[in-house]
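Since the structure comes first, as structure tokens, the remarks are kept for the end.
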Amino acid sequence: MSIEHRDDTGARFGMWLFLYTEVILFSGLFIIYAVSLTNYPAEFSQASNKLNVYFGGANTIVLLTSSLTIALAISAIQMGRKKQCLQLCWVTIALAIVFLINKYFEWSAEISHGIYPGSEHLAEMGAGITVFFNLYYFTAGLHGLHVLIGATLIAVVAVMTAKDKVTSDRYTLLENSALYWHLVDLVWIFLFPLYYLIL
Amino acid sequence: MSEEKHAPVPYRTFINIWLALIGLTVVTVVVSRFDLGALNIWVALLVASVKSSLVIFFFMHLRQESKLFKIGLLVMLTILAIFIGMTFFDVLYR
């Protein structure tokens with residue numbers, strides 16, 4: 001007789017607790033942003049105008065869509081549609097890669113214009129603009145790192161699904177990876193208007 | 001231990017939520033192109049909060065979870081509000 005200990009709700013709650021700490025981590029950065037915005041409102045809008053709304057907007061659509069595909073993947077596994085679940089996982093990962101490629105081009109363009117932490121060009125533009133771009137690179141960089149981790153997690157779980165280690169009866173790993181992925185989306189939902197759209 | 005399973009959410013629901021999220025993104029971008037002064041940032045935050053709620057309640061299945069999960073979120077948001085409030089009491093009245 002084998003008794004397996006299993007607590008799916010507990011596992012999900014543990015993931016939620018971890019995500020609360022992630023929110024607090026990013027909130028620290030957003031609070032620095034808010035305080036700097038009250039100190040340098042004019043400089044922040046000037047700096048924000050230098051960011052490319054099209055790159056930011058495209059990445060918003062990409063992330064929202066990837067959140068949809070991973071949410072659909074869970075419905076698929078619950079209904080026992082393994083193949084469809086796998087396809088949706090791979091689409092999510094592909095979208096994560098598209099996001100990072102966009103980010104690469106966006107940052108390359110900015111760096112080639114002399115906008116990067118510690119650059120002389122930035123220092124000449126004054127304290128307010130320097131604060132904006134330092135925060136932008138740090139917050140977007142930390143977010144990008146989360147995109148990379150989230151996509152890796154989903155890839156690992158997709159392989160486990162293919163090997164039937166994640167099944168329609170047991171899919172908490174997929175749920176928790178999806179929760180992490182949605183957090184990445186949530187951070188971007190705030191990051192995009194605050195950094196790209198300030199007039 | 002028997003686990004209570006969530007009923008699978010129909011694809012249609014998720015697709016509708018996604019459409020709403022895309023729509024709200026368009027709203028934020030359009031509103032941000034008009035100069036409303038300080039109101040701009042509040043509209044941006046309001047729309048972002050609505051979008052977050054959609055993601056949290058539907059995509060993250062919070063709607064189907066027990067009270068414990070919802071109380072947890074509320075506690076986290078309260079701590080966050082205190083965190084932000086205290087910072088601004090300091091910064092604004094220094």
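The values are calculated or read from the model by the stated rules, or taken from the named source; none is laboratory data. A quick note: this is a predicted structure, and the numbers were derived from the prediction, not measured. Cβ placement follows ideal geometry from the backbone for every residue including glycine, while neighbour counts extend to all protein chains displayed.
Things worth noting here:
- Residues of segment A:176-191 that turn out to be within 8 Å of another protein chain (Cβ to nearest Cβ) and aromatic (Phe, Trp, Tyr), as a count: 1
- Condition met for A:Val98 (within 10 Å of chain B (Cβ to nearest Cβ) and among the β-branched types (Val, Ile, Thr)): no
- Only one entry in A:Leu17, A:Leu37, A:Leu25 is loosely packed, with under 14 Cβ neighbours inside 10 Å and either within 29 Å of A:Ala127 (Cα to Cα) or more than 9 Å from chain B (Cβ to nearest Cβ) (or both), namely A:Leu25.
- Hits in segment A:60-84 - residues which are crowded, with 16+ Cβ neighbours inside 10 Å, touching a residue at least 40 places away in the same chain (Cβ under 8 Å) and either within 11 Å of another protein chain (Cβ to nearest Cβ) or among the charged types (D, E, K, R) (or both): A:Thr60, A:Leu63, A:Leu64, A:Ser66, A:Ser67, A:Ile70, A:Ala71, A:Ala73, A:Ile74, A:Ile77, A:Gln78, A:Lys82
The rows are residues; the columns are (1) closer than 23 Å to A:Gly141 by Cα; (2) at pLDDT 95 or above.
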residue: A:Met1; (1), (2): no, no
residue: A:Met15; (1), (2): yes, yes
residue: A:Leu29; (1), (2): yes, yes
residue: A:Asn39; (1), (2): no, no
residue: A:Ser45; (1), (2): yes, no
residue: A:Leu51; (1), (2): yes, no
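- Matching residues in segment A:147-175 - criterion: being within 12 Å of chain B (Cβ to nearest Cβ), farther than 18 Å from A:Thr65 by Cα and assigned to a helix (DSSP H, G or I): A:Thr172
- Checking segment A:125-137 against the condition returns no match, with no residue being part of a helix (DSSP H, G or I), surrounded by 14 or more Cβ atoms within 10 Å (Cβ to Cβ) and touching a Gly at 6+ places or on another chain (Cβ under 8 Å).
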